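First the structure, in the form of structure tokens, and then the observations on it.
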Amino acid sequence: MSDLPAATPPRRPRPTPGELRTDVWLAGALFLAAVLSAALGSVAGVYGTDSATGLQWALLYSFGLTAPLAVRRRFPEAVVVVIALVFFVGVSARIPELYVANIALFIAMYTVGAWVDDRRRATWVRIGVIVAMFVWLIITTFQAAIDPSDEALSRAGLFSPFAAFMLIQFLVNAAFFGGAYYMGDRAYAAAMSRAVLEERTHELEREREVTAAQAVALDRVRIARELHDVVAHHVSAMGVQAGAARAVLERDPDAARTALLGVEASARSALVELRQLLETLRTSGDSDGGSTVHLSGLADLVAHANENGLPTTLTIVGDPVDLPELVQVNVYRVAQEALTNARRHGGADAAADVRLRYAADAIELEVANTGRAVAAPMRPGLGIVGMRERAGASGGTLEAGPRGRGGFLVRLRVPLPAAVGSPVAAEVGA
């Protein structure tokens, strides 16, 4: 059996304090109207001389009809039953109030349809009241038809005035109760629709806030990744060049000067890339990678590694194809970070080999270096984390780890869209 909890049935939002106060004011207003209607009905002789015209009965009847409406949204089923019973008693006792009683009964019927969440119970309660009303109407009609003392309307003929009056009574009551039933159901359906729309609005607002927070977090990660790649690469080169200058400063000033010029060049390059990054962040337009580097600069990157003490070779296999800007930036940055790590951790005798291969369905980058075998750390550093993020952002995969014969290997594979370099696509474009 499933352990999942049963779905909670939908519920209409509970009445607000303002709505509950409105019910109290409505009950008070209808009570005054019922008292006035009973008094005027008594003066007008609605039931002739055979009516309960005592003020105490009119007050009691008016209170019984209207007071339950003060709690109609809290106890709608009980309210409609109480008002229906009071209505039966009052009309049977011929209390001369006809109008407010119908209004109160209509409101009570409507409230059951509009506020009861158990729709089956709401249906049975209303049907019960309607059936009782029509049974009572049939009984009173039969009693009036056989009462020899009631001569108000003629009973002569197949369709007598008395029969017409009774038919009107039935039609009016059918329209009365049918309207209350229908309008209550429509009000409940409208309230549930509003509740669903409000919930969806809240969900969209929460999703918008989460999306905005995620966008900010992604921007922070992207900025941190770019700053790390730019600063780490150039500062690492500057450290190597500064160390070389210090080592030969006394015995070979020219070599030291050359190394210091390399430090200056690396510093200028770092400033240029930082300025480009800041300009990209300040612009309002979209940017694929927040950088201006591309795979066309891979040869310069290898040359820079050679100039800074890391013998490096570059091999390109396959015919280059047009790649998205984001893919070019990320592949370049992965190669840059791999070479930086090789220079930093490989030792003085380390060498590196960069291989870029264009396949039909992917582009692959391998950066392998000799030197000290550095064990994979339990918690990868920011460089490896950044490379994995760049691989994921390009839809690719990254493998990074020590080689068995020494050194370290970084392998990046990025699948390419089918249209890139595809002969079929070329024929379609032609």
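The values are calculated or read from the model by the stated rules, or taken from the named source; none is laboratory data. Here the structure is a predicted model, which means the values were calculated and not measured. Every residue, glycine as well, gets a Cβ built from its backbone with ideal geometry; the counts of neighbours run over all protein chains shown.
Here are some notes:
- Of all residues in the stretch 68-82, exactly one satisfies the criterion of being surrounded by 21 or more Cβ atoms within 10 Å (Cβ to Cβ) and not in a helix (DSSP H, G or I), namely R72.
- Checking each residue in the stretch 342-360 for being touching a strand residue (DSSP E or B) at 6+ places or on another chain (Cβ under 6 Å) and part of a loop (DSSP other than H, G, I, E, B) picks out G346, A350.
- Residues (surrounded by 13 or more Cβ atoms within 10 Å (Cβ to Cβ) and either among the β-branched types (V, I, T) or part of a loop (DSSP other than H, G, I, E, B) (or both)) located in the stretch 322-339: L323, P324, V327, V329, V331, V334
- Looking across the stretch 250-294 at every residue that is at pLDDT 75 or above and outside any helix (DSSP H, G or I), the one that is nearest to the chain's Cα centre (by Cα) is identified as H294.
- Restricted to the stretch 166-201, and to residues there that are of a type in the set (K, R) and either surrounded by 12 or more Cβ atoms within 10 Å (Cβ to Cβ) or touching a Lys or Arg at 6+ places or on another chain (Cβ under 7 Å) (or both), the residue that is farthest from I138 (Cα to Cα) is R194.
- Residue within the stretch 43-58 that is modelled with pLDDT of 85 or more and either exposed (fewer than 13 other Cβ atoms within 10 Å of the Cβ) or not in a helix (DSSP H, G or I) (or both) present: no
- Residue under evaluation G184, criteria (1) at positive phi; (2) at pLDDT 70 or above, criterion not met: (1)
- Counted residues, the stretch 90-141 - those being crowded, with 18+ Cβ neighbours inside 10 Å and in a loop (DSSP other than H, G, I, E, B): 4
- Any chance V367 is within 43 Å of the chain's Cα centre (by Cα), β-branched (V, I, T) and closer than 21 Å to A393 by Cβ: no
- Output for the stretch 346-387, where each listed residue is more than 21 Å from A224 (Cα to Cα), surrounded by 17 or more Cβ atoms within 10 Å (Cβ to Cβ) and modelled with pLDDT under 80: G346, G371, V374
- Of the residues L85, L32, L26, the single one that is in a helix (DSSP H, G or I), assigned by TED's automatic domain parsing to the domain that holds A195 and under 23 Å from Y182 (Cβ atoms) is L26.
- Residue in the stretch 295-318 that is surrounded by 13 or more Cβ atoms within 10 Å (Cβ to Cβ), modelled with pLDDT of 75 or more, in the same structural domain as A368 (by TED's automatic domain parsing) and acidic (D, E) present: yes
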